[in-house]
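The values are calculated or read from the model by the stated rules, or taken from the named source; none is laboratory data. Note that the structure is predicted; figures quoted are calculated from it, not measured. Here Cβ is always computed from backbone atoms with ideal geometry, including for glycine, and neighbour counts include all displayed protein chains. Accessible surface is based on the protein model in full, side chains and every heavy atom, while ligands, DNA and RNA are left aside. Shrake-Rupley method; radii C 1.70, N 1.55, O 1.52, S 1.80 Å.
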Amino acid sequence: MIYLLLLVNVFLLVGGQMLWKVGAAGIDSWNVSTFIYLLKSPFFIGGGLLYVVATFIWMYIITKLPFSVAYPLQSLSYVVGVLAAYFYFKENVDVSQWIGVCVIVLGVYLIAK
């Protein structure tokens, strides 16, 4: 159950980042009005809410798992992030990046077993 919660945490974190990326798309210059725009943006607000929920889940996780296990397992967010970049944002992911993803997955497996 705790590992499932950790996965939920990872997906919430990546979901928040994705909302922020969508919300920031098209911003060419950063100034005070840009920050005001972002503070009112449903994408920015939604991403922040996902982060708040993820933080409370994280607080629970670190009371149930050793930090030396829980924290490295959050590196799965990098894997999910690359998958989101490839499938949702249609970004190019080269072979070395896929190899890096595989190394992370192997590391997570070794830590979790």
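Rounded to the nearest Å, what's the spacing between the alpha carbon centres of the range 1-47 and the range 56-88? Just the number, please. When both Cα centres are located, 16 Å separates them. Computed from phi, the 3J(HN,Hα) profile of the range 11-16 under the Karplus parametrisation 6.51, -1.76, 1.60 (θ = phi - 60°) reads 5, 5, 4, 5, x, x Hz, with x in place of Gly and Pro. For Rg and Dmax of the Cα atoms in Å, pick the label among (1) 12.3, 34; (2) 16.0, 49; (3) 14.4, 47 that corresponds to the value derived from the coordinates. It is the value labelled (2). As a calculated quantity, the FRET efficiency between residue 92 and residue 49 at R0 = 25 Å, using C-beta atoms, amounts to about 0.25. Solvent-accessible area of the range 58-99 (1.4 angstrom probe, protein heavy atoms only): carbon and sulfur portion equals 65 percent. Just to confirm the number: angle between the C-alpha axis of helix 76-87 and the first principal axis of the chain, 0 to 90 degrees, nearest 10? On a 0 to 90 degree scale, this one is about 50. Per residue, the chain exposes 67 Å² of solvent-accessible protein surface, assessed with a 1.4 angstrom probe and all protein chains in place.
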